[in-house]
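The structure appears below as structure tokens.
The values are calculated or read from the model by the stated rules, or taken from the named source; none is laboratory data. Since this is a predicted model, take the numbers as computed values, not measurements. Backbone-built Cβ (ideal geometry, glycine too); neighbour counts: all protein chains shown.
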């Protein structure tokens, strides 16, 4: 089942009727009448007979609380080609209750029926029917009993349904960011990712700066101290990140996840986990250049010295492999990480090392050259960030939590760019004709770069936050294959949906409802399944918790029960915020439990659909937008 599940009552066909003796008499009369007028009933009567010997609950019994199972024992063995159905109604008027498919025991005389949702307090009635291989009744009766008290289900109301529908959030208001792992290490994952990411980017940016614009850097003792300190923070942050991911994936405690032996489990969690372990190994290897930065410029070791921090930073591109065009997303992320690393890591190196105090001409040259590279890197970072945001968010920027965080992050990026552009202009004008760095200039520029780097940390914190959220264009619902899909369309309103079942046979069936188009926000959506007339099957009604385009699923394990084979009618009833209601029909074939085709079925006539107004009259409205106005709008789309 997908996370962020929304519970939805699974209800049988709504029936009304008195209780007690009158209910029993009327039910028996109706059952006998059907048996007498049904085609082939004489033959059925001759084909065999059987009677119910005992049941639990028994007729007239008073139970303390709802039973978990019901049992029905017959006098004679039940043949394999005979079928047994049960329907339970409770309350006044009687409300159908959710029960499982009857299961025949090894003794061939006893059926067991699971109570899927506890029966409420009050009077209840069981209607049972035993049919032969020609679907003709062999025996039928009513059992009246009562429940003295409501059942208490751990933390849930007795009216809470057992079946759970898992909805996809409508694409126009995607709020799926809260759907994450059930582990309790989300904060540790974010913190470890932030510390590791910031320090790794500084390592990469510093190595790039030394290789490109400041070859004299390793000659300064402060450079070595800075690199060792940065490496230490990177190692601690990456260990924290890997341990938190391990605890989240394995559901173990964070303390247990600190064991390096448990980190190998991340190789089973997908590429983000594998990339985290690879980052840890690469960061550990960066100690080789942290203790001896001169290796960055030495011809024999330069390639490896640059590759280690570059590869460590590149692992950040595999933190999210979701959405459309994943390969393109990785390329965009690699470009974004490289540009951010050069800009951010270089800014920290210049502010903390190059401008640590006054110095000779190489400090001036390094600062001036960095400003030229950093401006280009900042522009590339912004463009690549916008491209990646569009890939993951699309147009759902203001109507999704993910998009709103992106907006706040963009404000921080704008502030950072404003500070950076201003600093570049001042530095270029002040250092244009200078050969040495004075103490006054070093102090002034150090504060400017410090402010820029601080805002950069805030931006990276927002980036880490976004990684813990689900983008609007990334579906949390895995792809599923269904045995049958029924298209549902109401041409008058423009409502289009699909209803899918699997395995589309007698027994429990998985359900998927996809709302493809809707003319206005949905206030109520119900799918009803009705068996053929005269089949003695029990219909079901399922509420669908969707307010717009999206997907709702009911897993097979707690799916819809179909008790007879044949052609069933699918009816979708949808109410809109505009006050209009649309009803559309379709047909679906329910096969026997063994997958065989029913011996007979009824051909369903085409049923016209229309929009029904609150007064009951048929209305053909003008185009209604998704926001309820009379203007046509183009809602955001996503891949379910």
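If only one of 415, 442 is more than 30 Å from residue 568 (Cβ to Cβ), assigned by TED's automatic domain parsing to the domain that holds residue 367, part of a helix (DSSP H, G or I) and modelled with pLDDT under 75, which one is it?
Every option except 442 fails the conditions.
Could you list all residues from region 390-400 that are part of a helix (DSSP H, G or I) and buried (at least 17 other Cβ atoms within 10 Å of the Cβ)?
391, 392, 393
With (1) surrounded by fewer than 20 Cβ atoms within 10 Å (Cβ to Cβ); (2) in contact (Cβ under 8 Å) with a residue 40 or more places away in the chain as the list, and residue 447 as the residue in question, which single condition is left unmet?
The failed condition is (2).
If the requirement is being modelled with pLDDT under 75 and either under 28 Å from residue 192 (Cβ atoms) or buried (at least 16 other Cβ atoms within 10 Å of the Cβ) (or both), which of these qualifies: 387, 366, 432, 423? Please lay out each step first, then the result.
Working: 387 fails: modelled with pLDDT under 75; 366 fails: modelled with pLDDT under 75; 432 fails: either under 28 Å from residue 192 (Cβ atoms) or buried (at least 16 other Cβ atoms within 10 Å of the Cβ) (or both).
From the options 387, 366, 432, 423, the qualifying one is 423.
Looking at region 542-568 only, could you name the residues that are assigned to a strand (DSSP E or B) and surrounded by 19 or more Cβ atoms within 10 Å (Cβ to Cβ)?
542, 550, 551, 552, 553, 554, 560, 561, 562, 566, 568, listed by residue number.
Taking only pairs six or more apart or across chains, which ones have beta-carbon atoms under 7 Å, a first residue in region 318-331 that is in contact (Cβ under 8 Å) with a residue 40 or more places away in the chain and on the phi < 0 side of the Ramachandran plot, and a second residue that is outside any helix (DSSP H, G or I) and buried (at least 19 other Cβ atoms within 10 Å of the Cβ)?
So the pair list comes out as 322/474; 324/473; 329/323.
Evaluate region 197-217: report whether one residue or more is modelled with pLDDT under 75, surrounded by fewer than 24 Cβ atoms within 10 Å (Cβ to Cβ) and part of a helix (DSSP H, G or I).
No - not one qualifying residue is present in region 197-217.
Residues to consider are 85, 71, 125; find the one that is in a strand (DSSP E or B) and more than 19 Å from residue 50 (Cα to Cα).
The unique qualifying residue is 125.
What number of residues within region 505-536 satisfy the criterion of being over 25 Å from the mean Cα position of the chain (by Cα), in a loop (DSSP other than H, G, I, E, B) and either more than 25 Å from residue 558 (Cα to Cα) or in contact (Cβ under 8 Å) with a residue 60 or more places away in the chain (or both)?
6
Looking for whichever is modelled with pLDDT of 80 or more, in a helix (DSSP H, G or I), surrounded by fewer than 18 Cβ atoms within 10 Å (Cβ to Cβ) and more than 27 Å from the chain's Cα centre (by Cα) here; the options are 256, 314, 338, 303. Which one fits? I'd like the intermediate steps shown before the answer.
Numbers: 256 fails: modelled with pLDDT of 80 or more; 314 fails: surrounded by fewer than 18 Cβ atoms within 10 Å (Cβ to Cβ); 338 fails: surrounded by fewer than 18 Cβ atoms within 10 Å (Cβ to Cβ).
Going through 256, 314, 338, 303 in turn, the sole match is 303.
Quick one: how many residues across region 343-363 are part of a helix (DSSP H, G or I) and buried (at least 17 other Cβ atoms within 10 Å of the Cβ)?
Looking only at that region, the number is 14.
Being in contact with a helix residue (DSSP H, G or I) (Cβ under 8 Å, 6 or more places away or on another chain), surrounded by fewer than 18 Cβ atoms within 10 Å (Cβ to Cβ) and either without any contact (Cβ under 8 Å) to a residue 40 or more places away in the chain or not assigned by TED's automatic domain parsing to the domain that holds residue 97 (or both): is that true of residue 494 here?
no
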